[in-house]
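The values are calculated or read from the model by the stated rules, or taken from the named source; none is laboratory data. All values reported here derive from a predicted model rather than from experimental measurement. All Cβ positions, glycine included, derive from the backbone under ideal geometry; neighbour counts span all protein chains shown.
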Amino acid sequence: MNALNERSGGQQMLALLGWLVLCFAVSGIAGALTAKSIPTWYAGLVKPSFNPPNAIFAPVWTTLYAMMAVAAWFVWRGQPSVLRTQALAWFCIQLALNFLWSFLFFYRHSIGGALIDIGALWIAILVTTLFFFRLSPIAGWLMTPYLAWVSFASVLNWAVMRLN
């Protein structure tokens, strides 16, 4: 019997809820720390022509956090193993680096520090995604838009640093 069959539907839904709460808690705390800087400090920065309008960020990040949570849940549902433990550890590392980027960029106004962090974040997302593909192709595919968005955000972070 595999691990999925050993867990009831209620346990499955509770676990999914847990991953969603974890991801959106990180998002919510980061958002609370950074909200004051958006209409003040961030609004005063020179931004590149390809900078999306502010209204784009909330729906994109909401979608990405939901996809990340579902991806982690798919991996968690699999057979317990060292590989699964490593994958979920990398997931938590990338989530911490994701939070740190918001803190550095918007709260500390450290554009260069945020650029260093986003480089580490990109690597952590890539490692997580590769682990997830090995354990659940669906989970790996759910992480790829996040990797693409953070790739774009890295270029944007670099451009903002260069312009300011």
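Among residues of region 134-157 being aliphatic (A, V, I, L, M) and within 12 Å of the chain's Cα centre (by Cα), the one that is farthest from F74 (Cα to Cα) is A153. Against the conditions (1) without any contact (Cβ under 8 Å) to a residue 12 or more places away in the chain; (2) more than 29 Å from V160 (Cα to Cα); (3) among the aromatic types (F, W, Y), F74 satisfies every one except (1). The condition of being touching an Asp or Glu at 6+ places or on another chain (Cβ under 9 Å) and at pLDDT 95 or above holds for only one of F105, F50, F99, that being F105. On inspection, L121 fails the criterion of being assigned to a helix (DSSP H, G or I), within 18 Å of the chain's Cα centre (by Cα) and modelled with pLDDT under 95.
Scanning for something surrounded by 15 or more Cβ atoms within 10 Å (Cβ to Cβ), touching a residue at least 24 places away in the same chain (Cβ under 8 Å) and either farther than 21 Å from L135 by Cβ or β-branched (V, I, T) (or both), does region 15-23 turn up at least one residue? Walk me through how you get there before you give the answer.
Within region 15-23, the subset surrounded by 15 or more Cβ atoms within 10 Å (Cβ to Cβ) is 15-16, 19-20, 22-23.
Going one step further and asking which of them are touching a residue at least 24 places away in the same chain (Cβ under 8 Å), we end up with 15-16, 19-20, 22-23.
Now narrow it down to the ones that are either farther than 21 Å from L135 by Cβ or β-branched (V, I, T) (or both): none.
No, because not a single residue in region 15-23 is surrounded by 15 or more Cβ atoms within 10 Å (Cβ to Cβ), touching a residue at least 24 places away in the same chain (Cβ under 8 Å) and either farther than 21 Å from L135 by Cβ or β-branched (V, I, T) (or both).
Among the criteria (1) within 19 Å of G18 (Cβ to Cβ); (2) surrounded by 20 or more Cβ atoms within 10 Å (Cβ to Cβ); (3) of a type outside the set (S, T, Y), the one A96 does not fulfil is (2).
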